[in-house]
Every structure is written in structure tokens, then in C-alpha cells.
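Undergrad: Questions regarding the structure given below will be posed in turn.
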Amino acid sequence: PAPLPPPRARPTPAHPPSAAAAMPRPMDSAAMKILLARPKVPAPLDPNFSPLVLGKRQYMKATKGQKTTLDWALLRRDGVGRYSLPVFPDNHADASASAYLAGCLIQEMMWQRSGYELQLCGPPKLCEQLKADFAVGGPYEFEVLTMPKACGTPDVPFVVKIVASASTLPAASDSPQVCGKDASGCRLAFDLGKSDIKTVAVQDNNVLDSKETEWDVTNPDPQYHYDAILAAMKDTAQKLPKIEAIGGSATGTISADNEATWCDIFPNVKPDVYKEKVVNIFKRIGKDLAGDVPLKVINDGEVTALAGKMMVNQGNLMGISMGSSEGGGYCDADGNLLGWINELCYIQLDLNPEAPYDPWTPHSGMSHMYLGQR
């Protein structure tokens, strides 16, 4: 890559790290040599754009024939994510490239699937470095502090363990979730984005009304959010003779029981108030609006994946929604969700060290900075 311009001033993250936390680890010359790769067609507005996917391909060629691997398992309540990455030995001149890419890929899996514990097996120095990176005070402190919230256990710290043998790592597993795709009867739907509340009234697969209502996600009062969502839904529901089911989507982690486990559309609600007033907000809205009718709320990116499955009638599909931020979701061959959190807006898309910084986290090159409207 061509010489990079002088470093830009970085913004203050909306969720600043602790005073002890390091910024993302600088990419040294060995890592740059292997991981920085431009597309054949340069990005006109950012000629140094270096997609992670191209860097990973270049890395896999560089490590071809290497016998050493880094294996990890990311444990969550309803499954386990597994990966095995060929790496350079600890004493190799290019070992830093392995450490840098491994950190990116582990962070990516955390935002794909969530997790309360990371288990590592590989070269000792590499494992110790990653253990320090994924700890309070390390480059991935934001993930370490956020994962307990995403898992619904905010008081239980994220854990990193190093194991002696990859054979002791738990096997990969998912928990497929079947989602209905029928829109018969009288149904009311909502989507909560960072700019507005979208509501739709559907009767027998026909859209009767749809509306977008602006709201202020930065408001710290959960009653404001409750009233805004309920008012928007009541207004759209006037087009229906009755409400037989409610479906919704929102950014962040939604539990199988429709709880707002961790949603970043309520960023300024205090943690204790969030637990009391926001976690059950969807259930309360559904009951106050229509009693005990069926209710299902899922991640907004997952809605995109399910819609894509219905449009092309093909599974193993990744959907991306590009709104104020960016949502992403994945469904398997049967069109089922896998119990992942699918917060793909926080994964690293651009490895260029001078990529724009994320205003929400201490990282640069985050996906939503490229695929979101903001």
C-alpha cells in the first residue's frame, strides 16, 4: 500500500474505555506486509481501503504449510462457536500478523454469536497475548464489558481460559430457531431503528398502512421510549379491524422470550433502570396494545435474512440492512435462525490503520461506518 497520511484525531467513544485500556494494538510492519491488501478496483474516496477479507486471503497463502494452529471456542448459553486458524510459531518473524488477525476474528465471532467465555489453545505467547487483549485494560475491553450484557448476565465477568489441548475444547453447536413466515390474518409489525420507529399493518399478506415516526434514541427516560413506540403502533393499528399477532425487530440482543437483553437503541438509560424498565418493554407494549396475542421480536438484521430467504427461496443466506447504522443476520439452509446475536455492525471491515474511528467503540474500520447512513 501507498504511504499513509498522518494520523487523524480520533473522536471520544460514546462508551469510553477505562483509563487503563489500550487503544487497538498498532499494526507493525510484519502484520502490514501480510494483512494489508487493496481491492483490484480501488475505492475512489479511500484509496487505502484494505478489506479484512482480502487480508485474510493473503494471510492464508502466507501460512500455507504451517503446522501450528490457534484453536478457540466461544461459549454462549445456547451454543458454542469454534474456529481453527493456522498461525506462525511464537518465534517467527511474522508472528505479530497471526496475533493481529486472531484478535480481529475472535472479535468478529463475539459480535456474530455472543459469548460468556473464550477458551484458547495454541502457541503459549500468542495465547497469553490474546488473553491480555480480551481483558479489562486490553484493546478489546469494549467487547469484554459488553458481552455480559448481551448474554443477559451483566454481573458475570467475561472469562478467558487457556487449555492444553484442542481436544478438550467443546464442540461447535447451535440452537436453530424456527420462525414463522405466514402473514395471514391481522398483524401489526414494528422496527426500531436509531432514527425512527417503523410500523406496518398487514391483513392477509396485504399491507394496509406503513409509517415512519422519528424519535430520539438518546433520551435517557425509558418511559419516553415506551410511550413513543406504543403511540406509533396504536396509530398504525387503526387500519386493522383487530390485532391477531405482533412482530417486531430492534437492534441488539433480543432473547427467545422477547426480552431486550441488550439493545443499543437505548444507549443512555442507566443500567439499573434498563434492567427494570427496558428488558421487558416489548412484552409490556404487546400486552397493553393487544392483550395476550402472539408476540415475536428478533434482531433487525435477522429480519433481513429471513426476508431474503422468502424472496429467493434459498437458505444459508446472509442479509444486510443499511439504515442509520447497519444490521446483519444469517439463516441456515432451512431458513432457521441459529441463536446468534448478529450485531455485525461492530465487526472490523477495513484493516487500514488510518480507517475512520467508530464513535461508539475504541475501534476503527467498523462495518457500520461503511454500510450505514451515518
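The values are calculated or read from the model by the stated rules, or taken from the named source; none is laboratory data. Remember, predicted model here, so these are calculated numbers, not experimental data. Cβ placement follows ideal geometry from the backbone for every residue including glycine, while neighbour counts extend to all protein chains displayed. With ligands, DNA and RNA removed, areas are computed over all heavy atoms of the protein, side chains included. Shrake-Rupley method; radii C 1.70, N 1.55, O 1.52, S 1.80 Å.
Undergrad: Find the accessible area per residue for the chain; the probe is 1.4 Å, ligands and nucleic acids are left out, and the unit is Å².
TA: 47
Undergrad: Moving on. So how tilted is helix 300-312 from the main axis of the chain? Cα-based, degrees 0 to 90, rounded to 10.
TA: Value to nearest ten degrees: 80.
Undergrad: Given a Förster radius of 45 Å and the C-beta distance between Leu45 and Ala132 as r, what FRET efficiency does 1/(1 + (r/R0)^6) yield to the nearest 0.05?
TA: Efficiency, from the Cβ-Cβ distance: 0.80.
Undergrad: Same structure, new question: Could you report the accessible area of Thr253 in Å², rounded to 10, computed with a 1.4 Å probe on the protein chains as they sit in the structure?
TA: In the full protein context, Thr253 sits at about 10 Å².
Undergrad: So what's the back-of-envelope 222 nm ellipticity for the chain, counting only DSSP H runs of four-plus at -39500 (n - 2.57) apiece and dividing by all residues, rounded to 500?
TA: The helix-only estimate for the chain comes to -8000 deg cm²/dmol at 222 nm.
Undergrad: For the chain, modelled as a Gaussian network with Cα springs under 10 Å, which listed residue fluctuates most, Leu306, Leu52, Leu230?
TA: Of Leu306, Leu52, Leu230, the most mobile in the Gaussian network model is Leu230.
Undergrad: Among DSSP beta bridges whose residues both lie in the chain, state the antiparallel percentage, nearest 5.
TA: DSSP beta bridges in the chain are roughly 75 percent antiparallel.
Undergrad: Assigning unit charges at the beta carbon (Lys, Arg +1; Asp, Glu -1) and nothing else, what dipole magnitude in debye, to the nearest 20, does the range 221-305 show about its Cα centre? Walk me through the numbers before you get to the answer.
TA: Numbers: 10 positive and 13 negative charges, 44 e Å.
Its charge dipole is roughly 220 debye.
Undergrad: Tell me, what % of the accessible area of the range 221-286 is carbon and sulfur with a 1.4 angstrom probe?
TA: Working: 1410 of 2830 Å².
Carbon plus sulfur share of accessible area: 50 percent.
Undergrad: What FRET efficiency comes out for Ser184 versus Asp288 if R0 is 25 angstrom and r is the Cβ-Cβ distance? Round to the nearest 0.05.
TA: With a Förster radius of 25 Å, E is 0.55.
Undergrad: Treating cross-link reach as a plain straight distance, find the lysines whose alpha-carbon is under 18 Å from the alpha-carbon of Lys33, omitting any fewer than eight places away in the same chain.
TA: Lys56, Lys61, Lys64
Undergrad: Then there's this: About the Cα centre of the chain, how large is the charge dipole given +1 on each Lys and Arg Cβ and -1 on each Asp and Glu Cβ? Please answer in debye to the nearest 20.
TA: That gives a dipole near 860 debye.
Undergrad: Students often forget the sequence filter, so: which lysines lie under 26 Å Cα-Cα from Lys181 once same-chain residues fewer than 8 apart are removed?
TA: Once the sequence-local lysines are set aside, what remains near Lys181 is Lys194, Lys198, Lys211, Lys234, Lys239, Lys242, Lys283, Lys287, Lys296, Lys309.
Undergrad: Under 14 Å from a point placed 7 Å out from the Cα of Met310 along the Cα-to-Cβ direction: which residues of the range 330-373 have their backbone N that close?
TA: So the set is 335-336.
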